[in-house]
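Every read-out reported here was derived from the displayed coordinates using simple, explicitly stated rules and does not represent laboratory data. Predicted model, so just to flag it, every value in this text is computed and none were measured.
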Amino acid sequence: MLRKTALRLAAAIFAAAAGLPGLGGAPAEACNRIDGCNWETINQNRDMMASGRMDDAMRTGQDNIAAFRELLRREQEYRAWQQGAAPPRR
């Protein structure tokens, strides 16, 4: 008897919660669920590839990496020069 009452109470609570907005009754926003975020990312990637923005971003990233490596090289030359090595060549 107690089991049936508990089951009916749980079913009533679940039914009430399903009808409330924000607890399953209203649709989720795109990034509040995994599938929506995945499709948003896929669509952004496709748009970037189609418009050529991805190539620009990759080129810019490669330029930044090259500039960073050049900065590291010059810093190493400067440190060596401070410690008495030959002056850096330009």
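Observations on the model:
- Distance from the Cα centroid of segment 35-57 to that of segment 62-82 is 33 Å (rounded to whole angstrom).
- Phi-based couplings in Hz for segment 77-85 (Karplus 6.51, -1.76, 1.60; Gly and Pro marked x): 4, 5, 4, 5, 5, 5, 8, x, 6
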